[in-house]
Amino acid sequence: MILKTKRHHNGGQGTIILLLLTAVSIVLLGGTQAWAQVIINEVDCDTPGTDDHDFIELYDGGAGNTPLDGLVVVLYNGSNNLSYEAFDLDGYTTDANGYFLLGNALVTPTPDIIFADNLLQAGADAVALYSGDGADFPDDTPVTDVNLVDALVYDTNDADDPELLVLLNPGQPQVNEDGNGDKDNHSMQRCPNGSGGLRNTDTYDMQTPTPDAENCPAPIPDIVINEVDCDTPGTDDHDFIELYDGGAGNTPLDGLVVVLYN
């Protein structure tokens, strides 16, 4: 606020007029919600036996500790294209590495939200992530793309479901957990981790499950213990252990550890 004085002369008499100039600031608050980058990153819908290791993994791109308020995970049944479960995420956050897990009690690590064994159907079905509230999706809610954030339409050797595929971007495929011939021991996961974009499924691959961890980790290199010298003259100050990669050279050793046993 700025206060100025201005003197006018009127008929020989001086008049002081106070002009009050107010600086008005208009602030536009914009941008995307913090959870706009949260995606469905991995789903395992079919596990050995009674399906007691099923899970759904969300991922925030690695930001970590992202509030999930205002989001809801909805499960759709492909047999009638209606919802059969919804999980309100108000009050939850991703972990320090950016992951959030919904799953059966026997999943390791323990999920943030535990659901009943054999609940997650094996397809053709869908998992969808919405901006909304759990109360917006009572059981038997029809498929909708209103306020839709991300979705995975999947199966285990089932025909495509056109009614569910509207949850994906045009041309994106329904994902088959048995795509690599081992549905009981594979999950559907974005490879590389977090890739593909919202409502896209073309980077999903079927790999060994990685709940609450990076998808499609690099394979452990083919490294052998090639030579060991444990006893050298005097004070044993020339001992060594040699590893060998078969001559490939410059092989990363990430994920390996050398352990000595007494």
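The values are calculated or read from the model by the stated rules, or taken from the named source; none is laboratory data. Being a predicted model, the structure only gives us computed values, none of them experimental. Every residue, glycine as well, gets a Cβ built from its backbone with ideal geometry; the counts of neighbours run over all protein chains shown. Side chains are part of the model used for accessible areas, which takes the heavy atoms of the whole protein and leaves out ligands, DNA and RNA. Shrake-Rupley method; radii C 1.70, N 1.55, O 1.52, S 1.80 Å.
The tail of the calculated P(r) for the range 96-225, taken as Cα-Cα distances beyond 19 Å, holds 56 percent of the pairs. Shown for the chain: the carbon plus sulfur share of the solvent-accessible area, taken with all protein chains present and a 1.4 angstrom probe, equals 52%.
On the principal axes of its alpha carbon atoms, the range 89-171 extends 35, 29, 26 Å, with the longest extent given first. In the full protein context, the range 70-123 carries 38 Å² of accessible surface per residue, based on a 1.4 Å probe and ignoring ligands, DNA and RNA. Simple spin-label estimate for residue 105 and residue 158 gives 2.7 nm between the two label positions (7 Å along the Cα-to-Cβ direction from each Cα).
Take the range 131-262 with all the other protein chains still there, run a 1.4 Å probe, and you get 61 Å² of accessible area per residue.
Remark: the residue 222-residue 259 segment gains 11.6 nm on full extension, using 0.36 nm per residue and subtracting the alpha carbon distance. Between 134, 179, 246, the Gaussian network model of the chain with springs among Cα atoms under 10 angstrom shows the greatest mean-square fluctuation at 246. Taking 4.7 Å between C-beta atoms as the pairing limit, the chain has these partnerless cysteines: 45, 230. Among [x] 113, 70, 33; [y] 71, 68, 34; [z] 71, 38, 29, which is the computed Cα extents along the principal axes in Å? Evaluating Cα extents along the principal axes in Å on these atoms matches [x]. Between residue 82 and residue 118, the contour length at 0.36 nm per residue exceeds the Cα-Cα span by 11.2 nm.
Spin-label model, residue 141/residue 238: points 7 Å from Cα along the beta carbon direction are separated by 7.4 nm.
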